[in-house]
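Visitor: Take a look at the following structure, please.
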């Protein structure tokens, strides 16, 4: 399959990557003529999957979707006045601070209660939520392939549970880089790719191996992605 466009999607890690035109550089390396990013900071994986499918049904040319997954613990709710038709009313109230757009009388106390309850159901459910993500991704990729699109999916920074368990075997598919065990941000940190400069109050809260990489420093990750995609994903 020859793709006419490369579309990047993800959370703030992918948004920073796209700010430095990393998606454009990756498209050029793969001889794909057009590129776009629909990444949004604070995104949950639900949003990444939903908007990838939505974009794929609205575009008229075959696309290769490059998805950098975010933390499995993130979730979202349809509680906002829509900023635009594409994104709709969805928001991650824990990570996307859209108080000015909250509707249905949603208030900060509701977010606080939501976060408290979410922490309770997350404590013993990590493997179950990863398994659910696995089926959502598998269905998404199968649908994309059925309509002439392609996908490569990788984990940005989340340290997931034991991915060698048989219940996660569907993630051994070539579209999921290293069964989502490869963490792009950790790998770049180990390669010495510089981190984004944070404010003085933030730098001490974010571990070095999870900090966003500096805008424009995408050469190493793009070399990795290019080699992987050329080896495993048909692009020509």
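The values are calculated or read from the model by the stated rules, or taken from the named source; none is laboratory data. Computed from a predicted model, the values in this text were never measured in an experiment. Note that we place each Cβ from the backbone using ideal geometry, even for glycine, and neighbour counts take in every protein chain shown.
Visitor: Using the structure shown, decide if residue 83 is modelled with pLDDT under 95 and either in contact with a strand residue (DSSP E or B) (Cβ under 7 Å, 6 or more places away or on another chain) or not in a helix (DSSP H, G or I) (or both).
Guide: Yes, satisfied.
Visitor: State which residue pairs qualify: first residue under 12 Å from residue 94 (Cβ atoms) and inside region 106-134, second residue in a helix (DSSP H, G or I) and at pLDDT 90 or above in any location, beta carbons under 9 Å apart, and separation of 6 or more residues or different chains.
Guide: Listed pairs, sorted by first residue: 122/129.
Visitor: For the structure I just gave you, tell me whether residue 83 is surrounded by fewer than 15 Cβ atoms within 10 Å (Cβ to Cβ) and in contact (Cβ under 8 Å) with a residue 12 or more places away in the chain.
Guide: So residue 83 fits the description; yes.
Visitor: Go through (1) surrounded by 23 or more Cβ atoms within 10 Å (Cβ to Cβ); (2) without any contact (Cβ under 8 Å) to a residue 40 or more places away in the chain; (3) within 10 Å of the chain's Cα centre (by Cα) and name the single condition residue 44 misses.
Guide: (2)
Visitor: Moving on to the next point. Any residue that is within 17 Å of residue 51 (Cα to Cα) and in contact (Cβ under 8 Å) with a residue 24 or more places away in the chain - is there at least one of those in region 157-177?
Guide: No, region 157-177 has no match at all.
Visitor: Something else: Looking at this structure, is residue 39 free of Cβ contacts under 8 Å to residues at least 60 places away in the same chain, over 10 Å from the mean Cα position of the chain (by Cα) and either within 24 Å of residue 234 (Cβ to Cβ) or assigned to a loop (DSSP other than H, G, I, E, B) (or both)?
Guide: In short, no.
Visitor: What's the number of the only condition in (1) over 20 Å from the mean Cα position of the chain (by Cα); (2) in contact (Cβ under 8 Å) with a residue 40 or more places away in the chain that residue 69 fails to meet?
Guide: (1)
Visitor: Given (1) part of a loop (DSSP other than H, G, I, E, B); (2) touching a helix residue (DSSP H, G or I) at 6+ places or on another chain (Cβ under 6 Å), identify the lone condition not met by residue 3.
Guide: Tallying (1) part of a loop (DSSP other than H, G, I, E, B); (2) touching a helix residue (DSSP H, G or I) at 6+ places or on another chain (Cβ under 6 Å), residue 3 fails exactly one: (2).
Visitor: Mind checking which residues of region 177-230 are at pLDDT below 95, loosely packed, with under 14 Cβ neighbours inside 10 Å and farther than 18 Å from residue 15 by Cβ?
Guide: 200, 201, 203, 204, 205, 207, 208
Visitor: Has region 40-55 got any residue that is more than 21 Å from residue 88 (Cβ to Cβ) and modelled with pLDDT of 95 or more?
Guide: The initial filter retains those residues of region 40-55 that are more than 21 Å from residue 88 (Cβ to Cβ), namely none.
There is no residue in region 40-55 that is more than 21 Å from residue 88 (Cβ to Cβ) and modelled with pLDDT of 95 or more.
Visitor: Could you tell me which residue of region 26-36 is nearest to the chain's Cα centre (by Cα), considering only residues that are surrounded by fewer than 20 Cβ atoms within 10 Å (Cβ to Cβ) and outside any loop (DSSP other than H, G, I, E, B)?
Guide: For region 26-36, the residue satisfying everything is 36.
Visitor: Further question on the same structure: Pull out all pairs, ordered by first then second residue, where Cβ-Cβ is under 8 Å, the residues are six or more apart or on different chains, the first lies in region 178-190 and is free of Cβ contacts under 8 Å to residues at least 24 places away in the same chain and on the phi > 0 side of the Ramachandran plot, and the second is part of a helix (DSSP H, G or I) and surrounded by 18 or more Cβ atoms within 10 Å (Cβ to Cβ).
Guide: Note: pairs meeting the criteria are 179/168; 179/171.
Visitor: Further question: When region 153-176 is examined, which residues are found to be crowded, with 20+ Cβ neighbours inside 10 Å and within 12 Å of residue 228 (Cα to Cα)?
Guide: Across region 153-176, the qualifying residues are 153, 154, 175, 176.
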